[in-house]
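The block underneath contains the structure these notes are about, expressed in structure tokens.
Nothing in this text is a laboratory measurement; each read-out follows from the coordinates by a stated rule. No experiment lies behind these values; they were computed from the predicted model shown. Note: ideal-geometry Cβ built from the backbone for every residue, glycine included; neighbour counts use all protein chains shown.
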Amino acid sequence: MIRAVVDPGILVSAFIGRPGSVPDRILRAWRAGRIELVVSRGLLEELSGVLARPKFASAAREGRAIDFVEALRVGASLVNDPPATEAIIRDPKDDYLVRLARSSAATALVSGDRDLLEANIGDIEILTPRAFIDRLDTSEG
């Protein structure tokens, strides 16, 4: 089974996006038990903070955002945030995702962030959401 860390930006896209979109398909794969999703307190806090922004108020109404984050906290593999160490990529605020993928032995880190996608990190495979879904479909087909 593929064990993946998914960038909060992709999770936001799944939350607000249309059914059948690539981010939605990633969440559906997790809910169907096709992938193991790895989260941490820091990742969930970032996700909660983004979904609390006024521009997401309509999508987050009636506690939907809270329920979404709680479903991830309860249903995904919750691991401890690894300690901060040296800078890893161009944008240090995303270093925690690389550390999380490493410390949790994730198979992949899924992101649309160019700083992550263009990083030369030999021990972690960083995939776009489309490449991840294609890999998942290929591995099961």
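Taking the alpha-carbon centroid of each part, what is the distance from segment 56-96 to segment 101-141 in angstrom? Segment 56-96 and segment 101-141 have Cα centres spaced 17 Å from each other.
Less than 5 angstrom separates the built amide H of Ile2 from those of Glu36, all sequence-distant by 5 or more or on a different chain. For the pair Arg31 and Thr85 in one chain, pulling the backbone fully straight at 0.36 nm per residue adds 16.2 nm over the alpha carbon distance. Taking amide H atoms as placed 1.01 Å from N in the peptide plane, the amide H of Val110 lies under 5 Å from those of Val5, Val6, Asp7, Leu127, each 5 or more residues away in sequence or on another chain. Charge tally around Ile35: other residues with Cβ under 13 Å, Lys/Arg +1 each, Asp/Glu -1 each, net +3. The phi-based Karplus calculation (6.51 cos²θ - 1.76 cosθ + 1.60; θ = phi - 60°) puts the 3J(HN,Hα) values of segment 10-21 at 6, 5, 4, 4, 5, 5, 9, x, 7, x, x, 5 Hz, whole numbers, x for Gly and Pro.
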